[in-house]
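First comes the structure, then the notes that go with it.
Only the coordinates and a few stated rules stand behind these numbers; no lab work does. Since this is a predicted model, take the numbers as computed values, not measurements. Neighbour counts run over all protein chains shown; Cβ positions are idealised from the backbone, glycine included.
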Amino acid sequence: MDLKRALLVLTTGLFVAGCGPSEAPAQDSATPPTPGVSDSEIVLGTHTDLSGPVAIWGVGSINGLRMRFDEANDAGGVHGRQIRFVVEDTQYQIPRAISAGNKLIHRDKIFAMVLAAGTPTNNAVMEEQFRNGVPNLFPLTGARSMVEPFHRLKFSQRGIYYDEMRAAVSHFTKNEGKTTPCVVYQDTDYGLEVLDGAQDEAEALGLGIAATSAHKTTETEFTAAVLRLRDADCDLVLMGTIHRDTILILEAARKLGWQDVAFVGNNAAYAEVIAQHNTGATEGYYAFVAFTQVYEDDELTPEVRAWYDRYVERYDRAPDVSAMEGYRGADLIIMAMEKVGRDLTREKLIDALESINDYTDIWGNRVVFGPDDHHGAESTTLTVVRDGRWQVLSTLGG
């Protein structure tokens, strides 16, 4: 045997001996670690608006989330792990959301995305998010794309704009005698959801949409738009607006003396800044919502009173519905992770969320999930602004 062949035989023998079953490296057979989960912590993250046009929603929801996560951490964490929460400000801008999403997914390696804000921003991030197996839990948007088509990684806890607008057209035509619906909406993914809902329900009832008006998110002058709707004899205006444009449209209608009309919005345009607007232009404005505002002088249960007081002590402000939504979202996530136990994976988290089929939050709102149902919200509530505060009129469904 020549020297070259002898070395080959010797090397082969050493390779076989070194990689036999009893001596295989442990990492070859070990389960890959779950991103965002270590022995001591769970990393959750979100992209939201903290300084842009929907910062009212972003700031409140983050306050609610942090409050509940800190409560869990102070009690020893989730099966011994502390929750670390990473927040990125997008200012409700798609490029910023994409950048933030990439950071959260690839650099921070979050376990799950929680309460990310905005329809266009969520839509821009979800494809990369799902490609990397990151669940999208309870986004701050009621867009159909958050639950449709069904995806195992999508979970919602709020009403869907499309359904809320269909409910609005149905209720006001059948119960309030309205006959001529119109739509004013932002020319965005969100606004088009509202338009679709109003058009589809009007068609189902044998009605038409008498007029529509679309605007950019930066628009500040609405006199012409309101005149267009008034001249079409609209007696019901469905609104695909958020905060500032809702107020400006209602102010324009008031200045023009247009009163014999019902303006109706949804979750996205339900906030104290609207109800408390000092011109009084928002009086009588309606909204279909999943959460309803609680006030300090309400007759609150002891549990809600304690939560309210803790929030005020911590943030030196009264909680709004976005804080409620954040707190409940965090509570659902903690409940699911506690159900899983110490062996926490994304698949097991989803299984645990799907098993939550009879959850009622401290405010009395019910959430239901299942293997084929990640929508969560069971009902929608019709509210109206009266005397500078939100009042509940009726609850549909549930």
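Given their separation in residues at 0.36 nm each and the Cα-Cα distance between them, LEU227 and ARG131 gain 29.9 nm when the chain is fully extended.
In the stretch 247-398, the C-alpha radius of gyration followed by the widest Cα-Cα span (Dmax) gives 18.4, 63 angstrom. Taking the square roots of 5 times each eigenvalue of the Cα gyration tensor of the stretch 161-289, largest first, gives ellipsoid semi-axes of 20, 15, 14 Å.
Placing dummy labels 7 Å off each Cα toward the beta-carbon, the span from LEU393 to ARG366 is 2.4 nm. For the stretch 73-213, relative contact order (Cα pairs under 8 Å, six or more residues apart, normalised by length) works out to 16 percent. Taking max minus min of the alpha-carbon positions on each principal axis, the stretch 51-112 gives extents of 37, 28, 12 Å, largest first. With the simple spin-label model, which puts each label point 7 Å out from Cα in the Cβ direction, the ASN278 to SER40 separation comes to 5.0 nm.
Estimated at 0.36 nm per residue, the fully extended path between GLU378 and ILE98 surpasses their Cα-Cα distance by 97.7 nm. Estimated from helical segments only, the mean residue ellipticity of the chain at 222 nm is -12500 deg cm²/dmol, where each DSSP H run of four or more residues counts as -39500 (n - 2.57).
Taking the DSSP bridge list for the chain and keeping only pairs wholly inside it, about 40 percent are antiparallel. Over every Cα atom in the chain, the radius of gyration and the widest Cα-Cα span, Dmax, amount to 25.5, 106 Å.
Between PHE150 and ASP260, the FRET efficiency from the beta-carbon distance, with R0 = 35 Å, is close to 0.25. Across the chain, the relative contact order, built from alpha-carbon pairs under 8 Å that are at least six residues apart, equals 16 percent. Peptide packing: for 301-311, 264-274, 208-218, the average count of neighbouring Cβ atoms within 10 Å per residue gives the ranking 264-274, 208-218, 301-311, highest mean first. List every DSSP H helix in the chain whose Cα atoms extend 18 Å or more along the helix's own long axis and whose mean Kyte-Doolittle hydropathy is at least 0.5. For the chain, where a helix must reach 18 Å along its axis and average at least 0.5, the hits are 3-18, 321-340. Of all the options LEU353, LEU248, LEU115, the one that moves most in a Gaussian network model of the chain with Cα springs shorter than 10 angstrom is LEU248. Computed extension length for ARG310-LYS174: 44.7 nm, one decimal, from 0.36 nm per residue of separation with the Cα-Cα distance subtracted. Cβ-to-Cβ counts within 10 Å put ASP297, ASP196 in ascending order as ASP297, ASP196, the fewest first. Note on the stretch 46-160: the alpha carbon radius of gyration divided by the globular reference 2.2 N^0.38 Å gives 1.02.
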